Amino acid sequence: MNKKPTYQELENQIAALKKQNEVLRSKASVLGEKVKQDIESLTINEKEEESEKFTHTVLNNMGDSVFVKDDQSKLILVNDAFCEIFKLSRAEVIGKTLAENVPPDERESFLKIDNKVLKDGVDNTNEESLTVRGQTRMISTRKSRFIDASGKKFLIGVIRDISESKKAELALKKSEGRFREINATKDKLFSIIAHDLRGPFNNIIGLSELLSKNEHENVADNEQSEKYIEIINSTAKSTLTLLDNLLNWANSQTGGLSFRPEKIILSEVILEIIDLEKTLSIAKNITLKYTTTKEIAFYTDENILKTILRNLISNAIKFTNPGGNINVITATNEQQVEITIADNGIGMSEETADKLFDISTNITSLGTANEKGSGLGLVLCREFVEKLGGNIWVESVIGKGSNFIFNLPLNFKNRINV
């Protein structure tokens with residue numbers, strides 16, 4: 001038979017149970033607090049992950065390249081556009097400055113600006129070149145400094161590729177330059193038509209009226225009449241040359257000048273032009289001769305070459321004093337022929353020589369016998385020489401004369417149009 005517990009024993013059991021209950025309650029409280037903290041921590045982590053995901057989504061949907069660097073200029077955050085512009089993955093980018101991926105001159109510029117912005121805190125916007133894997137583009141970069149609550153410095157940057165806009169800007173400037181050149185050409189042509197053509201026709205009309213008057217009045221002065229006729233003939237020829245130049249220039253500017261390459265004998269072409277210009281050279285008692293070391297045959301457009309030679313030789317006659325000398329000299333090598341029209345005329349300054357072949361800055365001067373000119377002939381020469389694949393230049397000394405030199409390729413056979 002079991003013995004019933006005494007009152008004191010019951011009291012002791014109750015006290016022990018209470019103590020165990022307190023211990024359990026304490027442990028439950030600690031465990032509950034820990035569970036609560038774990039739940040809160042999990043919630044914070046989820047929020048941080050969500051926030052980070054949102055941030056990356058925003059950055060990756062931006063067209064510009066975005067990056068964040070630490071105070072050592074090492075990348076800690078980039079968007080997709082940044083990886084694309086450098087052709088690198090995030091794993092290859094994070095923790096690096098990327099200075100090692102660009103040429104030394106660009107590297108020095110990038111890091112110098114990084115250090116300055118981190119130090120001074122002044123925003124920097126800069127247009128610069130960026131060369132990655134041999135490809136160079138123009139970029140606009142904006143860099144700013146950010147300091148967090150702990151005082152740590154960061155560099156935030158945005159890169160925009162402005163290569164296309166720079167190309168468009170350059171094309172616009174080129175177009176504007178071309179427009180100014182065309183406008184200057186128009187003004188020049190109008191000036192020639194208004195003045196340089198009007199003068200010769202007035203001379204022809206005036207002299208022909210004198211001849212007609214002498215004929216009607218039966219004034220027999222053959223010497224005077226011959227002089228008038230000679231002047232009319234010379235004026236008509238120079239005016240025809242000017243008209244030819246105007247038409248050729250207009251055709252070259254509108255693309256209407258056709259190119260017909262054929263094999264020519266250079267000496268034959270030069271002697272033909274010299275024969276045409278003899279009247280002018282004889283009138284000024286100028287010796288005009290041709291010097292060559294050997295026969296030269298090559299492919300080019302004969303008519304265009306004749307226009308070039310005619311203008312250069314007539315220009316030499318114009319600026320050579322009576323009794324002077326003009327020599328046409330030819331030489332050749334394996335690739336090209338070089339033709340020089342050398343005179344011992346009045347020469348010109350370097351400043352004048354620089355303006356001779358440019359219609360927008362071209363100036364005209366009177367010849368040694370007060371011959372007038374439009375200045376268009378030399379401009380046309382440059383245009384035609386370049387269309388034939390050559391170059392033209394002048395070497396001159398004031399008081400000693402000028403050498404107009406141009407070269408042409410020996411075989412320009414495959415060219416169809418200029």
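The values are calculated or read from the model by the stated rules, or taken from the named source; none is laboratory data. Please read these numbers as outputs of a predicted model, since none were measured by experiment. Here the Cβ positions follow ideal geometry from the backbone for every residue, glycine too, while neighbour counts run over all protein chains shown.
Quick notes on this structure:
- Identity of the residue in region 72-99, touching a Lys or Arg at 6+ places or on another chain (Cβ under 7 Å) and outside any helix (DSSP H, G or I), that ends up surrounded by the most Cβ atoms within 10 Å (Cβ to Cβ): Val78
- Checked against the criterion of being in contact (Cβ under 8 Å) with a residue 12 or more places away in the chain, touching a Pro at 6+ places or on another chain (Cβ under 9 Å) and over 21 Å from Thr279 (Cβ atoms), region 327-334 contains not a single residue that satisfies it.
- Members of region 234-275 found to be within 17 Å of Arg382 (Cβ to Cβ), at pLDDT below 70 and assigned to a loop (DSSP other than H, G, I, E, B), listed by number: Leu257
- Of all residues in region 254-291, those being loosely packed, with under 15 Cβ neighbours inside 10 Å and of a type outside the set (Gly, Ala, Ser) number 16.
- Yes/no for Phe384 being part of a loop (DSSP other than H, G, I, E, B), among the aromatic types (Phe, Trp, Tyr) and closer than 25 Å to Val269 by Cβ: no
- The one condition in (1) without any contact (Cβ under 8 Å) to a residue 12 or more places away in the chain; (2) touching a helix residue (DSSP H, G or I) at 6+ places or on another chain (Cβ under 8 Å); (3) under 21 Å from Asn79 (Cβ atoms) that Gln135 fails to fulfil: (2)
- Filter pass, Asp120 being under 33 Å from the mean Cα position of the chain (by Cα) and loosely packed, with under 12 Cβ neighbours inside 10 Å: no
- Only one of the listed residues (Ile405, Ile416) is out of contact with any helix residue (DSSP H, G or I) (no Cβ under 8 Å at 6 or more places or on another chain) and modelled with pLDDT under 75. That residue is Ile416.
- Checked against the criterion of being surrounded by fewer than 17 Cβ atoms within 10 Å (Cβ to Cβ), of a type in the set (D, E, K, R) and at pLDDT 85 or above, region 100-113 contains one or more residues that satisfy it.
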